[in-house]
Amino acid sequence: MISIGVVGRIVEGDEVGRFVFVQELPDDPPSYLVHTAADKDFKISGGDEWVEDFSSLVEFFKEGGWTVEWLR
C-alpha cells in the first residue's frame, strides 16, 4: 500500500533506511512527486522524482523494490 501525504521509512529495497513522502499534485488526473531524504524532516540529502499517474507511482515503488513503513 502506498500512502499519500504521509512520511514513511524505506525498510526494504533501494534506498533502505531513507525516508519517503508522496505528494499528490493538483493535475487532472493527479500526478505525484516522490520526495526522499536521509531524515524524516527532509532536511538532509533529499531529492524528488515526478511520476505521471498512480499506476506509474505503483511501478516506481516496484522498480525500487520498496517496502515502506508508514509513520502515521
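The values are calculated or read from the model by the stated rules, or taken from the named source; none is laboratory data. Note that the structure is a prediction, hence the values are computed from the model and not measured. Counting neighbours? That spans all protein chains shown, and the Cβs are built from the backbone with ideal geometry, glycine included. Surface areas here come from the heavy atoms of the whole protein model, side chains and all, with no ligands, DNA or RNA. Shrake-Rupley method; radii C 1.70, N 1.55, O 1.52, S 1.80 Å.
For the chain, a crude dipole built from +1 on the beta carbon of Lys and Arg and -1 on the beta carbon of Asp and Glu, taken about the Cα centre, is about 420 debye to the nearest 20.
Using a ≥ b ≥ c from the Cα gyration tensor of region 6-70 (square roots of the eigenvalues), is it rounded, prolate or oblate, where a/c under 1.5 gives rounded and otherwise the larger of a/b and b/c decides, a/b for prolate? Here region 6-70 falls in the oblate category.
Surface composition of the chain: carbon and sulfur make up 49 percent of the accessible area, probe 1.4 Å.
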